[in-house]
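Sharing a structure below in structure tokens format, with a few things to ask.
The values are calculated or read from the model by the stated rules, or taken from the named source; none is laboratory data. Please read these numbers as outputs of a predicted model, since none were measured by experiment. Cβ coordinates were reconstructed from backbone atoms using ideal geometry, including for glycine residues, and neighbour counts include every protein chain displayed.
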Amino acid sequence: MRAEQRSGSLMAAPYTAFLLIFAAYPILFALALVFMQWDLVTTPAFSGFDNVRLLANDGRFWRAVANTFVFLSIHLPLQIASALALALALNRPLAFRSFWRAAFFLPVVISGAVVAILWSNLYATDVGLINGVLVRLGLSPVSWLTNPSTAMPAIAAMVTWKNVGFYVIIYLAGLQYIPRSCKEAIEMEGATTWQRFRYLTLPLLLPQTILVVTLSTINGFQLFIEPYVMTGGGPLRRTYSIVLYLYTNAFAYQKMGYAATIGVALALIIGTVVFIQRRVIGKAEAI
Amino acid sequence: MKMLKRIALYGVLALSALTFIYPFLWMASATLKPLTEIGTLSLFPDHATLDNYRTMWARAPFGRALINSMLVAGTITASVLVFGSISAYAMARLRFRGSSVLNAATMAVLLIPGQLTLIPLYTLIVQLGLIDTYAALILPYVFNATAILMMRQFFLQIPQSLIDSARMDGMGEMRILFTIFWPLSKPVLSIVAIFIFMGSWNEVLWPLLVVREQHIMTLPQLLTVFSLGGGAGSVGVSLASAMVLVIPVVIAYAILQRNFIESMAGSGVKG
């Protein structure tokens with residue numbers, strides 16, 4: 001018994017130390033940094049609520065928050081609709097089923113940096129593939145990433161494309177749990193395909209939809225490499241993301257206190273938004 | 001009618017598959033095209049050339065970055081498997097003081113967004129004098145809470161009688177873990193290995209913070225810096241450098257496709 005105690009503590013010791021150094025300390029220090037000004041060179045100075053006040057009045061920060069909501073308002077519906085549609089298409093007897101699945105999942109395994117570089121070329125105004133296709137179809141080319149009103153939608157579409165395979169797998173798992181007897185029962189009642197989808201499939205997939213909404217919201221708030229590579233946050237700061245602003249404050253301006261404050265605010269915003277989303281979706285389900 | 005529906009279904013599937021695969025094919029073909037042909041839609045270059053690859057290789061240390069990436073991702077994966085399974089074993093099968101606290105702390109860590117701890121971790125690395133070292137890239141990732149929870153969950157299902165009889169034979173806990181638990185835990189170990197390796201292989205924000213020296217950079221970082229800094233100079237060269245990062249992943253994915261999908265979808269980790 002004592003031997004088990006001892007080997008248990010010994011075996012868990014490295015991980016415990018890791019959690020203290022790389023999780024507990026950074027969390028506490030992040031909260032402390034909110035009340036400090038520090039450029040990494042001089043000693044940290046206590047600054048009271050200066051960072052919080054600055055953040056509350058920082059137009060650039062709130063611009064980034066607003067941009068994220070623009071991103072999410074396009075990304076979330078697009079992500080749910082495309083993942084659901086592809087999952088429904090895959091959830092039937094098919095030839096080459098694993099090939100289709102693998103094809104949809106391919107962008108998920110590719111680095112976000114590569115996808116961003118690739119898509120800035122696909123979106124290029126003069127030589128890009130997408131405008132090439134548009135011109136072929138007799139349409140006029142669009143300056144996707146340099147027009148302030150299309151830049152964020154273009155990035156949102158790209159992120160949807162990159163992650164959809166991941167959410168298809170989540171929906172497919174949910175679809176497999178819908179009992180055959182339910183499907184048969186509703187068909188006996190003479191329900192149309194649409195009615196079956198609306199009153200059987202969609203409600204039963206609610207847990208998966210909540211998961212998709214939560215994960216893609218968290219993911220959306222962490223948007224960084226896409227604007228960093230594709231637009232630098234422009235045009236007119238329309239694609240500036242919260243993490244990009246955090247990174248700039250830390251790396252370019254050496255404002256550790258302020259950057260940490262942005263990090264804490266971001267965590268709070270993510271927590272609040274996800275909480276509200278779950279309440280709203282839960283309510284919608286009750287009706 | 002039924003036939004028509006089937007044809008429509010396969011048409012839609014083929015079209016969607018094409019939207020996911022075609023951009024990568026276009027990228028591969030663009031790296032083989034001379035500058036004058038980049039704007040064309042054709043997948044097959046009229047005058048195929050390896051110039052883009054030669055230029056890319058000569059302008060920035062991509063070979064070195066490839067080795068760095070393998071070293072960093074490999075070390076992190078090995079550490080998460082070996083050291084992670086040691087603590088997961090203790091948390092699952094041994095009674096010791098504080099084990100429930102450790103469990104709760106592991107769950108709590110999963111709820112904290114990485115951006116909250118990003119800056120304090122960065123200042124910690126600066127103060128330890130670890131900027132521009134491999135240690136800066138590896139240390140914050142030597143354990144992984146998701147991996148520990150997954151391994152712990154799996155270890156909980158292994159029968160106690162195996163442990164008891166091994167102890168009777170005088171085996172220590174470490175030997176029980178590595179000679180009895182590991183062989184039984186291949187499914188979970190391979191899932192953890194893939195998502196940890198991929199996560200590390202694709203990570204770019206953390207390296208951008210803690211590494212400025214080109215020779216320590218991992219592939220995604222060097223690629224980003226190279227393409228943004230204008231080092232590439234042309235689309236073909238910049239895409240050629242992206243290919244160095246993509247080719248190993250696509251080969252591994254083609255071989256281990258099912259494991260990849262299970263692993264990355266199961267862990268909730270995206271690239």
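Has region A:24-35 got any residue that is outside any helix (DSSP H, G or I), more than 9 Å from chain B (Cβ to nearest Cβ), at pLDDT 95 or above and in contact with a helix residue (DSSP H, G or I) (Cβ under 6 Å, 6 or more places away or on another chain)?
yes
Another one. Give region B:166-220 a look and list any residue that's within 14 Å of the chain's Cα centre (by Cα) and without any contact (Cβ under 8 Å) to a residue 60 or more places away in the chain, or say none.
Listed by number, the residues that qualify are B:Glu203, B:Val204.
Next question, about the same structure. So which residues in region A:105-131 are within 16 Å of the chain's Cα centre (by Cα) and of a type in the set (Ser, Thr, Tyr), if there are any at all?
Residue satisfying the conditions is A:Ser111 alone.
Let me ask something else about it. Go through (1) under 30 Å from B:Gly236 (Cα atoms); (2) more than 17 Å from the chain's Cα centre (by Cα); (3) not acidic (Asp, Glu) one by one and return the number of the condition B:Ile67 breaks.
Going through (1) under 30 Å from B:Gly236 (Cα atoms); (2) more than 17 Å from the chain's Cα centre (by Cα); (3) not acidic (Asp, Glu) one by one, B:Ile67 breaks only (2).
If you go through region B:241-255 one residue at a time, do you hit one that is more than 13 Å from the chain's Cα centre (by Cα), crowded, with 20+ Cβ neighbours inside 10 Å, within 7 Å of chain A (Cβ to nearest Cβ) and touching a residue at least 12 places away in the same chain (Cβ under 8 Å)?
Within region B:241-255, one or more residues are more than 13 Å from the chain's Cα centre (by Cα), crowded, with 20+ Cβ neighbours inside 10 Å, within 7 Å of chain A (Cβ to nearest Cβ) and touching a residue at least 12 places away in the same chain (Cβ under 8 Å).
Here's another thing I want to ask about it. For B:Gly170, state whether it is at pLDDT below 95 and over 21 Å from A:Val114 (Cα atoms).
Yes: the conditions hold for B:Gly170.
Additional query: Could you tell me whether A:Leu88 is farther than 30 Å from A:Pro235 by Cα and either surrounded by fewer than 18 Cβ atoms within 10 Å (Cβ to Cβ) or within 8 Å of chain B (Cβ to nearest Cβ) (or both)?
When the stated conditions are applied, A:Leu88 passes them.
Okay, next question. Which of the residues that make up region A:171-185 are polar (S, T, N, Q) and within 12 Å of A:Leu204 (Cα to Cα)?
A:Gln176
In addition: Would you check which residues across region A:96-107 are more than 8 Å from chain B (Cβ to nearest Cβ) and either in contact (Cβ under 8 Å) with a residue 60 or more places away in the chain or not in a helix (DSSP H, G or I) (or both) and list them?
Listed by number, the list holds a single entry, A:Phe96.
Just a yes or no: is a residue in region A:43-50 exposed (fewer than 14 other Cβ atoms within 10 Å of the Cβ), at pLDDT 95 or above and either among the charged types (D, E, K, R) or farther than 21 Å from A:Gly263 by Cβ (or both)?
Checking region A:43-50: not a single residue is exposed (fewer than 14 other Cβ atoms within 10 Å of the Cβ), at pLDDT 95 or above and either among the charged types (D, E, K, R) or farther than 21 Å from A:Gly263 by Cβ (or both).
Counting only residues that are surrounded by fewer than 18 Cβ atoms within 10 Å (Cβ to Cβ) and polar (S, T, N, Q), which one in region A:133-172 is farthest from A:Ile80 (Cα to Cα)?
A:Ser140
Related question: Counting only residues that are within 26 Å of A:Phe18 (Cα to Cα) and small (Gly, Ala, Ser), which one in region B:129-165 is nearest to the chain's Cα centre (by Cα)?
It comes out as B:Ala147.
Can you name the residue in region B:222-231 that is surrounded by fewer than 24 Cβ atoms within 10 Å (Cβ to Cβ) and more than 8 Å from chain A (Cβ to nearest Cβ) and, of all such residues, is modelled with the highest pLDDT?
B:Val225
For region A:190-287, please list each of the helices (runs of 4 or more DSSP H) lying entirely inside it that holds at least 2 residues being within 12 Å of chain B (Cβ to nearest Cβ) and surrounded by fewer than 21 Cβ atoms within 10 Å (Cβ to Cβ).
The helices (runs of 4 or more DSSP H) meeting that bar are A:206-221, A:242-251, A:256-286.
Still on this structure: Give the residues of region B:32-59 that are among the small types (Gly, Ala, Ser), part of a loop (DSSP other than H, G, I, E, B) and more than 14 Å from every other protein chain (Cβ to nearest Cβ), sorted by residue number.
B:Ala48
Here are some residues: B:Val204, B:Val211. Which one is under 22 Å from B:Phe226 (Cα atoms), in contact with a Pro (Cβ under 6 Å, 6 or more places away or on another chain) and within 12 Å of another protein chain (Cβ to nearest Cβ)?
Residue meeting the stated conditions: B:Val204.
Restricting the search to region A:19-72, which residues are of a type in the set (Val, Ile, Thr) and in contact with a Phe, Trp or Tyr (Cβ under 8 Å, 6 or more places away or on another chain)?
If the condition is that a residue be of a type in the set (Val, Ile, Thr) and in contact with a Phe, Trp or Tyr (Cβ under 8 Å, 6 or more places away or on another chain), then A:Thr68 is the only one that fits.
Could you say which residue among B:Thr19, B:Thr49, B:Thr55 is of a type in the set (Val, Ile, Thr), surrounded by 13 or more Cβ atoms within 10 Å (Cβ to Cβ) and touching a residue at least 40 places away in the same chain (Cβ under 8 Å)?
B:Thr55
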